[in-house]
Each structure stands twice: as C-alpha cells, then as structure tokens.
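Any read-out appearing in this document is the output of simple, stated calculations on the displayed coordinates, not a laboratory observation. Note that the structure is predicted; figures quoted are calculated from it, not measured. Here the Cβ positions follow ideal geometry from the backbone for every residue, glycine too, while neighbour counts run over all protein chains shown.
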Amino acid sequence: MDIQISLATIDDVPEILELTQKARVDMYPHLDEQWRAMKAEQDLATFQKIFFDHPDGAFIVARSENRIIATVGYQHYDYRFPHLTLLPDGVVEVVRLFVVPTWRRGGLASRLVSFLEKAAREAGLKQLYLHTHPFLPGAIKFWERQGFVVLDIDREDAVWQTTHMSRNLEG
C-alpha cells in the first residue's frame, strides 16, 4: 500500500489526538484513565502552540488511504534534566512516535525518523533528545539503530527507568 509522509497541518490535529489517545492506552496500561484524560486535555490546549507556532516545533504524519497510521514530532527542549550533557542551544525533544499496530515491523517508524531528522536539519537544529522506557518493547534498541546514544538511565525509579538518549545532527 502507498504511504505518504508529510508535515502535519492544523487540520490533522483531531485525528492525531485520537491516535495519540489510543496509543497511550497501549503503551501505558499501568496508568489510569484519569491520567490519560488529563494528557488528552493538555494536548488539545497546547498542540498548536508547541508544534505549529513555535519555531523549534514540527509534527509529522504518515498516511495510507487518507488515514493517519503513524506520527512523530519534535518540540523545543526545555533543559528540565540539567544533569544531561546536551548542546547549549539548537536542541529539540523527539516525542510521540506512534505507529498503528497493524503497520509495525515494516520500517515505517524508521522512515518517520528519517523525515524528522531532515526537517530538523533544514530548520537549523543541532541535536535531538528523547527519553524512553525499557517497558516499551524494543524502544531503546530501535532508537540506537537510528543513531541515538544513551546519555543516562534513571535507575532509581524501578517502574519507569527513564532512558535519556540523544543524536547530534551536525557533522
């Protein structure tokens, strides 16, 4: 089937948010419905500001038969993890890589990340940051295959064990 990858538009937001809500149920089953409802409300209130209005924001969608089947975005990184060694500027945070389950294991996520990297380079950005968790099957290995390196693992939190990763875009 034909897959088109492109920057999202404001008209895509309702479908993106619907996919995001479904993905969160799959990815974070240990979190309650109240948490997911709060996140959905935050998304609706801030999506345009973060991904469309901010110069360090972009959101990418993959479509098949005019339906969004996968997403990824980047947003301005706020340096909320001061212990990490990241560049002083030009850093964005990669977020919301979601692929509809029936479209997984076919290279679509890698294609989305390549598109994202190209968009970030064209925007003059220097470094990509993300965090993931070992309870997400294959996530850390996937990002390593995309050229990301582990910066730190928060081992003190037995549930989340947040794994911080980055990839330089320069050079």
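Structure values in brief
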read-out	value
Kirkwood Rh, Cα atoms: Rg over Rh of segment 4-168	0.93
Distance in nm between pseudo-label sites at Gln34 and Asp2 (7 Å out along the Cβ direction from Cα)	4.8
Formal net charge of residues neighbouring Gly90 (Cβ-Cβ distance under 15 Å; K, R +1; D, E -1)	-4
GluC sites (Glu not before Pro) restricted to DSSP loop in segment 34-107 with at most 16 other C-beta within 10 Å	Glu65
Calculated FRET efficiency for the pair Gln42/Arg63, C-beta based, R₀ 30 Å, to 0.05	0.75
Distance-filtered residues of segment 56-89 - backbone nitrogen under 18 Å, label point 7 angstrom along Glu156 Cα→Cβ	80-85
